[in-house]
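See below for the structure under consideration.
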Amino acid sequence: MNLTNPSHYLNRELSLLAFNWRVLQQALDLSIPLLERIRFIFICSNNLDEFFEVRVAGLRHDLARGDTKPSLNGASTEQVLRDINERAHALVDEQYRIFNEELLPKLAEESIQFLPSHEWNDEQYKWLKKYFKQQVMPVISPISLDLTHPFPRLVNKSLHFLLHLHGNDAFGRDLEYAVLHMPRSLPRIIELPEKVGGSKEHNFVYLSSIISEFAEDLFPGMDIHGCYQFRLTRDSDLLLEENSIEDLASALKRELQSRNFGAAVRLEVGKSCPNKIVNFLLQKCNLTPDELYRVDGPVNLNRLMSLPELVDRPDLRFSGFTPKVPGEIARRGVFEVMAERDILLHHPYQSFQPVVDLVRQAASDPYVLAIKQTLYRTGSQSAIVEALIEASHAGKEVTAVVELRARFDEADNIELAQKLQEAGVLVVYGVVGYKTHAKMTLVVKKEEKSKKLTRFVHLGTGNYHAGNARLYTDYSLLTSNPEMCEDVHKVFQQLTGMGKVYELNQLWHAPFTLHKNILAAIDGETKNALAGKEGRMIIKLNSLTDQSLIEALYRASIAGVKIDLIIRGVCCLSPGIKGVSENIRVRSIIGRFLEHSRVYYFYNDGEKNLYAASADWMERNLYHRVETCFPILQADIKKRMLDELSLMLKDTQQSWILQADGEYRLEPSKNTKPKVQQQLLERLSR
């Protein structure tokens, strides 16, 4: 059977749009509190921004340089862009429909409303005019468009207004157009004070409504025929020829300066914008009508993310919870417990604090000699980074492998690297051409009595970012297993030094052994099934795009292996194809927390091999990144993780099932158990 047949694969870009459609559907889920439902609108909007900045921009690059290689499903680049155009327009239209028709009326019922300008009373009008003059006018600079002022270079994803004018200015120039750029310092929604608010408890006004109403004050003596909001999305991917770069940090700094001014890939305008204005903007931005998005509301919905924080309504939010620290760690300390047994933490249900404590306690422990850690995303205020600095000041050998090329965190990571270097930390940028995506910490300690060196390791599926650990589901393994510690030591040696590939004891690592070991594990299940034995796999990932692994899964399915895939986002495998993938079931769990953990389970004739990893099954992770995949060896931890996977497979409340045609459906069920994330929250927070 030809397993490379394009009809057996789904398109990556359309699968990513389908994921954002599933995110958007959460805004319609009546079981989710109202202010949380509106968050999903903003998340979808933010995801779409990145989709255009990176994925669509990349396809345009391919087209421009004549790259005609078809996608896995056989579609040409031109066809993929046409399909994106159709799906993305439908998604944006649905996004604004839900916002306007479903959520805004519900907010008004809860005494939270947005006031359009035609509903302002005299008192509100006066207050907003004063706000405009005092808070807005001093920080914006109108740019007239004439021979001496050509169309300006507009900042990526910023709110702008195009004004249609008539009349002569102070210098006698006959102007027709002017552009207003809204600085990011200006809030996009403004709450009216209680004394002028109106009938509701919370009364908000869009910044765009204020600009449209009072724009004439910026052009005294001129007639304003129209004021129209618009927003450009630009190519934001960084293209670096790393092999020819001597100083990666300096090169990245230079490249980041141009990120906001890449080629335009999308134009968003208000729904009422006249065709004449739209055509003018398209021409100036070198875009086609297909790249135009007319929206029924603010053009930058994700900048309204502050709304839930401005409204103190706990009844309209998810109930709060405190991630738990396992009692044994709280009583005895993380090092003492690790010396005896492995510790598994499932974030955010269980606290990230023990991981922070591992580094903090290592920093202050006089018997700790060295700390090594990879840093991909950490956040601006990181307790772990402060602990590394403290350890360096205490005279310990501290090594940080900082990945400068973590997309959209490049500037923060350059600053982080500089901060660590100034504190005396040995900072390494990893290996040219390979992003360091593995999440590892290694602590080397000399025992007080025996003087013997012992090692302690943290391995994770997520980043060293305490904020993300409250929002993303991830696993952390804390262990002193000698073989695992030796493996982590060798991976650090590869990252900081030079030498041939090390043979590891327990870890699979990219770009060396991860792909071939996954293939071998899948093929092992296939051989067992062909021999009449049970074949079983459960794979949990963010994305699945690698063709060789998909083909291996198809072969396993044909052989009779039962395969459950829990793929949150992109999935290029097509389940349910007769004679090919009938034994494969794919689900996507969308909910309160972003499913981020990667787990691989292979039955292996009863051995039940279980792994957690930093890597998705994507080409970039398998061949172009440094990744780690670590086994779960302790019996009680393995049982617990398998129980948690089983919960996910039984969930019918927030699991979307992928159909062979690429569509996802929530299957109706009489199962009334809580959503799987709620079950895990109740189980693990006890």
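Ranked by the mean number of other Cβ atoms within 10 Å of their residues, highest first, the peptides 636-649, 510-523 fall in the order 510-523, 636-649. For the pair region 1-79 / region 550-627, the C-alpha centres are spaced 19 Å from each other. When the C-alpha to C-alpha distance is required to be over 18 Å, the pairs from Lys527/Lys562; Lys372/Lys396; Lys533/Lys608; Lys439/Lys490; Lys324/Lys445; Lys372/Lys540 that qualify are Lys324/Lys445; Lys372/Lys540. In the chain, Cα pairs under 8 Å separated by at least six residues give a relative contact order of 12 percent.
In order along region 372-380, the Karplus-derived 3J(HN,Hα) couplings, from 6.51 cos²θ - 1.76 cosθ + 1.60 at θ = phi - 60°, round to 10, 8, 9, 10, 10, 9, 10, x, 6 Hz, and Gly and Pro are given as x. Oblate is the label for region 5-61. Its Cα gyration tensor axes, ordered a ≥ b ≥ c, give a/c of at least 1.5 and b/c at or above a/b. For region 568-660, the per residue solvent-accessible surface stands at 31 Å², with DNA, RNA and ligands left out and a 1.4 Å probe.
Quick one: with all protein chains in place, what share of the accessible area of the chain is carbon or sulfur, to the nearest percent (1.4 Å probe)? Carbon-and-sulfur percentage of accessible area, whole number: 48. Going by the alpha-carbon gyration tensor, a ≥ b ≥ c the square roots of its eigenvalues, is region 75-220 rounded (a/c under 1.5) or, if a/c is not under 1.5, prolate (a/b greater than b/c) versus oblate? Oblate.
Straight-line cross-link reach from Lys271 at under 30 Å between alpha-carbon atoms covers these lysines, not counting any fewer than eight positions away in the same chain: Lys106, Lys126, Lys129, Lys130, Lys133, Lys157, Lys200, Lys284. Highest-first packing order for the peptide set 263-275, 559-571 is 559-571, 263-275, based on the mean count of other beta carbon atoms within 10 Å. Rounding to the nearest 10 and keeping the result within 0 to 90°, find how far the Cα-based axis of helix 410-422 lies from the longest principal axis of the chain. With both axes taken from Cα atoms, the answer is about 60 degrees.
What do you get for the angle between helix 514-530 and the principal long axis of the chain? Use alpha-carbon atoms, 0 to 90 degrees, nearest ten. Compared with the principal axis, the helix lies near 70 degrees.
The helix-only estimate of mean residue ellipticity at 222 nm for the chain, built from DSSP H runs of length n ≥ 4 each weighted as -39500 (n - 2.57), is -10500 deg cm²/dmol after division by the residue total. Quick check on region 341-399: take the gyration tensor over C-alpha atoms, sort the square-rooted eigenvalues as a ≥ b ≥ c, and tell me if it's rounded (a/c under 1.5), prolate or oblate. Oblate. Computed over protein heavy atoms with a 1.4 angstrom probe, the accessible surface ordering of Glu682, Glu291, Glu13, largest first, is Glu682, Glu291, Glu13.
Between the helical axis of 383-393 and the dominant principal axis of the chain, each derived from Cα atoms, what acute angle in degrees is found, rounded to the nearest 10? For helix 383-393, the angle is close to 60 degrees.
Please list, by residue number, everything in region 323-348 whose backbone N is under 20 Å from a paramagnetic label point 7 Å out along Cα→Cβ of Lys673. The answer is 346-348.
Amide H neighbours of Glu582 under 5 Å, counting only residues 5+ apart in sequence or on other chains, H built in-plane at 1.01 Å? Close amide H contacts, sequence-distant or interchain: Gly576, Ile577.
Partners of Lys673 within straight-line reach, counting lysines whose Cα lies under 17 Å from its Cα and excluding those fewer than 8 residues away in the same chain: Lys650.
Dipole magnitude for the chain: about 1460 debye, using +1 per Lys or Arg Cβ and -1 per Asp or Glu Cβ, origin at the Cα centre. Taking 7 Å steps out from each Cα toward its Cβ at Asn5 and Asn279 produces label points 4.8 nm apart.
Scoring 231-237, 324-330 by mean Cβ neighbours within 10 Å over their residues and listing the highest first yields 231-237, 324-330.
The values are calculated or read from the model by the stated rules, or taken from the named source; none is laboratory data. The model shown is predicted, which means the values in this text are computed figures rather than measured ones. Every residue, glycine among them, receives a Cβ derived from its backbone with ideal geometry; neighbour counts consider all protein chains shown. Ligands, DNA and RNA are stripped out before the accessible areas are found, and what is left, the full protein with its side chains, is counted by its heavy atoms. Shrake-Rupley method; radii C 1.70, N 1.55, O 1.52, S 1.80 Å.
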